[in-house]
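A short worksheet on the structure shown next.
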Amino acid sequence: MTRFTSVLCGVLTALLLCASVPGAVSAAPTGTQQVLLPRDDPFYVPPAGFESSPNGTVLRSRQVTAVAYVLPVPASTYQVLYKSVDNHDRPVAEAATVLVPKGEWRGQGPRPLLSYQVAEDSLSTRCQPSYTLRAGLFGSPAGVGTYEFTLSLGALLRGYAVVYSDYQGPRSEFAAGPQAAHAVLDGIRAVQHYAPAGLDSQGPVGLWGYSGGGLATTWAAEQQASYAPELNVVGAAAGGVPADLEAMLKHNDGGLGAGLGLLGVMGLARAFPEAGVQALLNDRGRELFADNADACTLDVALFHPFDRLANYTTVPKPADSAPARYLYRVNNTGKTTPDFPVYNYHGTVDEFVPLAPVDALVGGYCADGGTVAVSRIPLAGHITGEVVGAGDALGFLTDTFNGKPTRNDCAKQSR
């Protein structure tokens, strides 16, 4: 995907998002077929006894049609339900959607697989990519899933297969790091062993994501060596990464992105009830959690700008509380260094995700002997950073697929 194409996609996205209205839908048409919401679709219900299956096992599958805005994507599209484990290593069944170009792969070696982590950032399964990729613009909550899906389509044009995992899991646990890492890596395992996709289990794999998807990508990159060492992951591109959740929460509290902070707290409280977040809530907080139990990104972000977390708790500084400290400790990035090249990109004036913690993350990787190519996009905010940075991110991953040496900026980081 060229930079011009990426920018064009972004302009179109902005227009479409402005014309969209957040809210739930019962089903969305794709051609003549109705796409059931995940909560109503028996495909997502795992078979009895699935818990004993190895992680990454395909439990059931189907062929579907993926939709870019309103048009079908010319690729063979399959969905698999596979076994994984959640934040506490308990068995869960999750879905992944894999698109395989219909043309023959003409590159060297087996066809590469790109795992693209959509910034789902939600508390509802109606926002997960296995649904939004089928529902298209008019079925997706405010078209967000469709927007990011479009940015990743350049990979298909290069002949790569692309997999999108529902990495937040069946309970939509937004911002939960272990859950995301397990789901992404097991989704790759599943589609590489799914015969109709025609992929090689030893074929090269790239990871890519931005914002919430960048967090999931970073977690998967850090955990790959210990959790799924057999996967041939050759590179990862992560942009707009919320590398430090404490910094992220405090940066947005009372600001334009306050709703994103609230959304993250609700997702983490759901994922880690043992943290004790619920015990800090006042009546308004309990109402907030109940009213948004099935919310997507814009359902919260649009209606809570300049809000404060303290408005919903019985303590004046909830971001410094013991429950918050527990959540930071468990879910922050930087726990290990990926043993493959990483491309980290970020806008210099990102209004939602502070840059300093990302630079610290990169510095930690470099100090530990990692290979990191760094891109700081001048005068780019959060959304523009994603759009403008997409072309170079895909170019980096293409180089790793082709076995080319990648730039290592770690020497600059140590100055």
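Here, each number is a calculation from the coordinates, and none is a lab measurement. Everything quoted here is computed from the prediction, not taken from an experiment. A quick note on method: Cβ atoms are made from the backbone with ideal geometry, for glycine too, and the neighbour counts reach across all protein chains shown.
Quick look at the values:
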{"read-out": "Length gained when the stretch A367-A322 is fully extended (0.36 nm per residue, less Cα-Cα span)", "value": "13.2 nm"}
{"read-out": "3J(HN,Hα) from dihedral phi, segment 291-296, Karplus parametrisation 6.51/-1.76/1.60, rounded to Hz, x for glycine, proline", "value": "6, 10, 5, 10, 8, 9"}
{"read-out": "Whole-Hz ³J(HN,Hα) from phi, Karplus 6.51 cos²θ - 1.76 cosθ + 1.60, for segment 304-321, glycine and proline x", "value": "9, x, 6, 6, 10, 4, 5, 5, 10, 10, 8, 10, x, 10, x, 5, 10, 6"}
{"read-out": "Alpha-carbon centroid distance for the pair segment 155-217 / segment 293-326, whole angstrom", "value": "29"}
{"read-out": "Debye log10 I(q)/I(0) at q = 0.17, 0.24, 0.32 Å⁻¹ for segment 43-86, Cα point scatterers", "value": "-0.58, -0.81, -1.13"}
{"read-out": "Long-range amide H partners of Y345 with built H, under 5 Å", "value": "A238, G239, G240, S375"}
{"read-out": "Pairs of Lys in the chain closer than 25 Å at Cα, counting only those 8 or more apart or on different chains", "value": "5"}
{"read-out": "Computed label-point distance, nm, for sites A360 and H193 using a 7 Å Cα→Cβ extension", "value": "3.9"}
{"read-out": "Estimated 222 nm signal from helices in the chain, with DSSP H stretches of n ≥ 4 weighted -39500 (n - 2.57), rounded to 500", "value": "-11000 deg cm²/dmol"}
{"read-out": "Ranking of S84, S122 by count of other Cβ atoms within 10 Å, fewest first", "value": "S122, S84"}
{"read-out": "Leading residue at positive end of dipole, the chain (Cβ point charges), from L249, P170, L151", "value": "L151"}
{"read-out": "Charge dipole (debye, nearest 20) of segment 277-415; +1 at Cβ of Lys and Arg, -1 at Cβ of Asp and Glu", "value": "520"}
{"read-out": "Cα gyration tensor category, rounded, prolate or oblate, for segment 306-384 with a/c compared to 1.5", "value": "oblate"}
{"read-out": "Extension gain, L379 back to F303 (0.36 nm per residue minus Cα-Cα distance, nm)", "value": "24.7 nm"}
{"read-out": "Packing-based exposure ordering (other Cβ within 10 Å, fewest first) of R158, R90, R39", "value": "R90, R39, R158"}
{"read-out": "Simple spin-label estimate for A310 and R90 in nanometres, 7 Å along Cα-Cβ", "value": "3.5"}
{"read-out": "Amide H partners (placed H, <5 Å) of V372, local residues excluded", "value": "V342, D409, C410"}
{"read-out": "Sparsely packed GluC sites (Glu not before Pro) within segment 228-309, loop by DSSP, other Cβ within 10 Å at most 13", "value": "E230"}
{"read-out": "Residues W208, W105, W219, sorted so that the one with the fewest Cβ neighbours within 10 Å comes first", "value": "W105, W208, W219"}
{"read-out": "Gyration tensor verdict on the chain (Cα atoms; rounded if a/c is under 1.5, prolate if a/b is larger than b/c, oblate otherwise)", "value": "rounded"}
{"read-out": "Extension gain, R106 back to D283 (0.36 nm per residue minus Cα-Cα distance, nm)", "value": "57.7 nm"}
{"read-out": "Distant-in-sequence amide H partners of A66 (H built 1.01 Å from N, under 5 Å)", "value": "V73"}
{"read-out": "The chain: antiparallel DSSP beta bridges as a percent of all, rounded to 5", "value": "55"}
{"read-out": "Projected label distance in nm at D339 and S52, using a 7 Å step from Cα toward the beta-carbon", "value": "3.3"}
{"read-out": "Sum of side-chain charges, E120 neighbourhood, beta-carbon under 10 Å (Lys, Arg +1; Asp, Glu -1)", "value": "-3"}
{"read-out": "Karplus (6.51, -1.76, 1.60) ³J(HN,Hα), θ = phi - 60°, over segment 56-73, in Hz, Gly and Pro reported as x", "value": "x, 5, 6, 8, 6, 8, 7, 9, 9, 10, 8, 10, 9, 6, 10, 10, x, 8"}
{"read-out": "Relative contact order %, segment 307-415, counting alpha carbon pairs below 8 Å whose residues are six or more apart", "value": "28"}
{"read-out": "Net charge dipole size for the chain [Lys, Arg +1 and Asp, Glu -1 on Cβ; Debye, nearest 20]", "value": "620"}
{"read-out": "Debye, to nearest 20: dipole size of segment 367-415, +1 on Lys, Arg Cβ, -1 on Asp, Glu Cβ", "value": "200"}
{"read-out": "Environment charge at L302 (Cβ cut-off 15 Å; Lys +1, Arg +1, Asp -1, Glu -1)", "value": "-4"}
{"read-out": "Projected-area average for segment 245-330 over all orientations - Cα convex hull basis, square nanometres", "value": "4.8"}
